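Working notes, beginning with the structure itself.
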Amino acid sequence: MRNNIIKILFNILVLSISFIVALLFGSIILLIAGVNPLVAYQAMIIRPISSVYGLSEALVRSIPLMMVGIGISIAFRSKMINIGGEGQIQLGAVAAGAAALAIPGVPKAIAIPIIILVGFTVGGIWGGIAGWMKAKLSVNEVLSTVMLNYIAFQLYLFLIRGPLIDPSEIAWGTGVPQTARMPDSTIFERLIQQGQRIHSGIFIALIIAILVYFLLWRTTFGFRLRAVGEEPKAANYAGIKVDKYLILAMVLSGGMAGIAGTIEVIGVHHRVLEGLSANYGFSGIVVALFGRLHPIGVIPASFFFGLLLIGAEMMQRAVNIPSALVISIQGLVILAVVSSNLLLENPKYRKKFLGFLMQNN
Amino acid sequence: MAINEILNLILRILTVAIAVSAPYLFAAIGEMFSQKSGVLNLGVEGIMMLGAFVAFYFAWAYESILLGIILAVFVGALMGLLMSFVSVTLKAKQGISGIGLYMFGWGVAGTLFRLFIGGVEDIAGLPNLHLGFLSELPILGKLLFSHNILVYLAFLLVPISWYVLYKTSWGLKVRAVGSTPRAADTMGTNVNKIRYQCVILGSMLAALGGAYLSVAQANMFANDLVAGRGFIAVALVYFGRWKPFGILKGAMLFSIANGFQRWYQISGSTFPYEVTVIFPYLLIIIVLALSHEKFAEPTALTVPYDREFKG
């Protein structure tokens with residue numbers, strides 16, 4: 001017990017140091033840009049936690065981050081790097097949007113599960129393609145998912161500009177590429193009034209996080225999926241069909257991203273529109289790493305990065321630093337976290353640093 | 001269509017294909033060195049974005065393309081240093097660290113672009129060379145002797161890198177470090193030093209490829225200028241079986257196929273516009289699926305070297 005707590009605290013310590021290192025690096029960019037890093041970071045970190053709006057928006061962003069982060073964690077657990085979150089989100093979103101528009105009269109309790117299932121399936125197929133190519137043709141999944149991202153993005157634009165465009169956009173001649181508004185029976189209600197966007201989709205996300213935890217750690221399926229990632233050769237000897245689990249891991253991973261897109265449509269925008277996914281597919285990678293590739297760990301990590309994303313927008317408004325800076329900070333956080341793995345995972349180094357704290361170890 | 005028109009068309013497509021394959025050659029040959037030494041650098045895209053931005057900014061603000069290119073290559077070297085420190089010294093998982101590097105380059109280029117340029121600006125761009133009578137030759141003049149200097153450099157890089165890799169002792173060390181690092185170490189080669197050199201060289205070339213896009217091809221910078229070319233370059237390394245001439249073949253085939261479908265779109269086909277944009281990425285997926293044999297891969301690719309760990 002005590003050792004476990006020490007391990008968790010140590011993890012948090014290492015992650016905090018990684019984050020601080022990333023911020024220090026980021027301040028070099030701020031200095032080049034001629035901005036006082038303290039002022040910029042103050043706007044980015046303090047502002048979002050000091051208003052209802054900031055907290056609500058952080059939660060709104062944490063929902064897709066949580067879903068994508070969980071999806072990426074699942075893929076990572078079987079040693080697959082899923083960079084295709086962005087495409088999986090978009091295709092999941094557009095499929096879910098089409099489904100929602102197709103079932104206007106169906107009661108909410110039936111409509112929402114159907115829509116989520118559609119988003120999951122389409123995202124899952126998109127992820128599954130990369131999984132299949134890895135398992136059967138040993139195509140590097142980073143490259144295939146990146147290419148699939150570009151393809152998905154164009155399909156997405158094609159669908160919302162053409163077949164799925166809001167008929168009134170044509171009638172009014174405005175031609176904004178977006179679908180019609182989702183029927184009320186298909187959308188998540190807002191949780192607090194006064195114009196805040198936080199919606200009940202967050203409960204769905206939390207339930208899914210817990211379900212995935214049970215799936216991965218309490219079922220044979222999950223055990224096998226993780227075994228494939230940890231010891232593919234041993235898993236093969238044990239009679240586990242490695243190929244099958246690689247593909248399934250990518251299907252689940254893409255499916256989670258598909259749900260992220262779905263929730264954005266029926267929870268936030270109530271339409272499918274351009275720029276729906278604000279690079280959540282990439283931010284989800286950082287969230288997964290920060291959550292130590294664990295569905296429950298991803299929950300606080302997604303809230304933390306939700307704060308960071310809304311913080312970056314607030315910083316842009318306050319001190320005119322482009323919010324793109326947050327992408328580079330996330331990149332640095334990834335670099336810092338994967339670098340610290342030497343410390344966290346290599347028994348030799350871990351013992352050196354933790355040996356004196358651990359009991360009988 | 002008359003035979004004359006068809007020949008003209010083929011000539012036009014080939015001329016453009018030669019010019020647009022240059023950035024792929026820079027980036028892919030750079031990545032080849034990196035992978036040959038055992039480091040998978042997936043951050044090429046981000047390095048290209050940063051290289052494209054730096055080159056464009058200095059070419060635009062100080063009106064010197066040369067200065068822009070030099071500084072872009074320098075920034076590329078710094079990115080390579082960062083990548084090798086993380087992946088070689090700190091032994092981070094290379095697939096993920098490459099993604100971190102990609103996001104870092106993307107974010108920095110995007111931030112600085114918005115701060116210092118802000119909108120659509122363009123420059124004159126790198127001029128095409130006029131090689132005297134060679135450029136006047138009927139067909140070959142246009143096809144081969146009217147490009148800008150970086151195109152020639154890119155194509156020269158192919159035989160040079162082949163020579164370096166297969167005919168010099170440094171090249172031998174690179175290959176040894178990427179396939180049998182322990183043996184190379186026993187023979188007195190500093191594994192990590194060679195890997196640092198290769199990753200930094202590869203990143204400098206990637207940045208040069210990015211610079212080409214902004215100061216010699218598009219003559220402008222936009223956030224989506226690189227548009228996946230860095231990842232395509234990595235795919236071309238697989239397609240080319242980690243060999244310079246294989247990469248050349250891949251880059252040319254890819255650029256020609258791309259040129260053809262672009263012409264097809266302009267010539268009044270009824271396909272939606274999005275299909276045009278999808279084509280190169282679809283092509284790369286097919287290429288990856290067809291070039292999947294693993295045996296050509298450097299055996300120590302993505303495996304950090306640890307002297308004390310007997311694995």
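Among the candidates B:ALA109, B:ALA124, which residue alone is touching a helix residue (DSSP H, G or I) at 6+ places or on another chain (Cβ under 7 Å) and either in a helix (DSSP H, G or I) or among the aliphatic types (A, V, I, L, M) (or both)?
Being touching a helix residue (DSSP H, G or I) at 6+ places or on another chain (Cβ under 7 Å) and either in a helix (DSSP H, G or I) or among the aliphatic types (A, V, I, L, M) (or both) holds for just one of B:ALA109, B:ALA124, which is B:ALA109.
Test A:GLU169 against the criterion of being of a type in the set (D, E, K, R) and under 25 Å from the mean Cα position of the chain (by Cα), and give yes or no.
Criteria not met by A:GLU169.
Out of the residues in region B:279-311 that are more than 20 Å from the chain's Cα centre (by Cα) and facing another protein chain (nearest Cβ under 7 Å), which is modelled with the lowest pLDDT?
So, considering only residues that are more than 20 Å from the chain's Cα centre (by Cα) and facing another protein chain (nearest Cβ under 7 Å), the one modelled with the lowest pLDDT is B:LYS294.
May I ask you to list the residues in region A:7-43 that are among the small types (Gly, Ala, Ser), under 22 Å from the mean Cα position of the chain (by Cα) and surrounded by fewer than 18 Cβ atoms within 10 Å (Cβ to Cβ)?
The one that is among the small types (Gly, Ala, Ser), under 22 Å from the mean Cα position of the chain (by Cα) and surrounded by fewer than 18 Cβ atoms within 10 Å (Cβ to Cβ): A:SER16.
Please determine, by comparing only the residues of region A:258-299 that are part of a helix (DSSP H, G or I) and touching an Asp or Glu at 6+ places or on another chain (Cβ under 8 Å), which one is nearest to the other protein chains (Cβ to nearest Cβ).
If we take residues in region A:258-299 being part of a helix (DSSP H, G or I) and touching an Asp or Glu at 6+ places or on another chain (Cβ under 8 Å), then A:PHE282 is nearest to the other protein chains (Cβ to nearest Cβ).
Tell me which of these B:SER135 doesn't satisfy, since it passes every other one: (1) within 27 Å of B:LEU66 (Cβ to Cβ); (2) away from every other protein chain (no Cβ under 14 Å); (3) surrounded by 12 or more Cβ atoms within 10 Å (Cβ to Cβ); (4) touching a residue at least 60 places away in the same chain (Cβ under 8 Å).
Every condition holds for B:SER135 apart from (4).
Under the condition of being free of Cβ contacts under 8 Å to residues at least 24 places away in the same chain and of a type in the set (Phe, Trp, Tyr), which residue from region B:51-73 is surrounded by the most Cβ atoms within 10 Å (Cβ to Cβ)?
B:PHE58
Matching residues to (1) at pLDDT below 90; (2) under 28 Å from A:PHE303 (Cβ atoms); (3) surrounded by 20 or more Cβ atoms within 10 Å (Cβ to Cβ):
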site: A:ARG181; (1), (2), (3): no, no, no
site: A:GLU189; (1), (2), (3): yes, yes, no
site: A:GLN194; (1), (2), (3): yes, yes, no
site: A:SER200; (1), (2), (3): no, yes, no
site: A:PHE203; (1), (2), (3): no, yes, no
site: A:LEU206; (1), (2), (3): no, yes, no
site: A:LEU211; (1), (2), (3): no, yes, no
site: A:LYS233; (1), (2), (3): yes, no, no
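Out of the residues in region B:198-239 meeting the condition of being within 14 Å of another protein chain (Cβ to nearest Cβ) and among the aromatic types (Phe, Trp, Tyr), tell me which one is nearest to B:MET48 (Cα to Cα).
B:PHE231
Filter region A:136-148 down to residues that are surrounded by 24 or more Cβ atoms within 10 Å (Cβ to Cβ) and more than 7 Å from chain B (Cβ to nearest Cβ) and give me whichever is nearest to A:ILE247 (Cα to Cα).
Ranking the qualifying residues of region A:136-148, first place goes to A:GLU141.
Taking B:LEU101, is it at pLDDT 95 or above and either within 11 Å of another protein chain (Cβ to nearest Cβ) or on the phi > 0 side of the Ramachandran plot (or both)?
Yes.
Would you call A:ALA152 touching a Phe, Trp or Tyr at 6+ places or on another chain (Cβ under 8 Å) and either on the phi > 0 side of the Ramachandran plot or more than 9 Å from every other protein chain (Cβ to nearest Cβ) (or both)?
yes
Yes/no matrix, rows are residues, columns are (1) under 15 Å from the mean Cα position of the chain (by Cα); (2) away from chain B (no Cβ under 13 Å):
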site: A:ILE45; (1), (2): no, yes
site: A:PRO48; (1), (2): no, yes
site: A:PRO64; (1), (2): yes, yes
site: A:ILE81; (1), (2): yes, no
site: A:VAL122; (1), (2): no, yes
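Could you grab me the full set of residues in region A:333-361 that are more than 13 Å from chain B (Cβ to nearest Cβ) and either in contact with a His (Cβ under 7 Å, 6 or more places away or on another chain) or modelled with pLDDT of 90 or more (or both)?
Selection gives nothing.
Can you tell me which residue within region A:316-332, out of those that are crowded, with 24+ Cβ neighbours inside 10 Å and under 13 Å from B:LEU115 (Cβ atoms), is nearest to the other protein chains (Cβ to nearest Cβ)?
Top of the filtered list is A:SER328.
The values are calculated or read from the model by the stated rules, or taken from the named source; none is laboratory data. All values derive from a computational prediction rather than experimental measurement. Please note: Cβ atoms are built from the backbone with ideal geometry, for glycine as well, and neighbour counts cover all protein chains shown.
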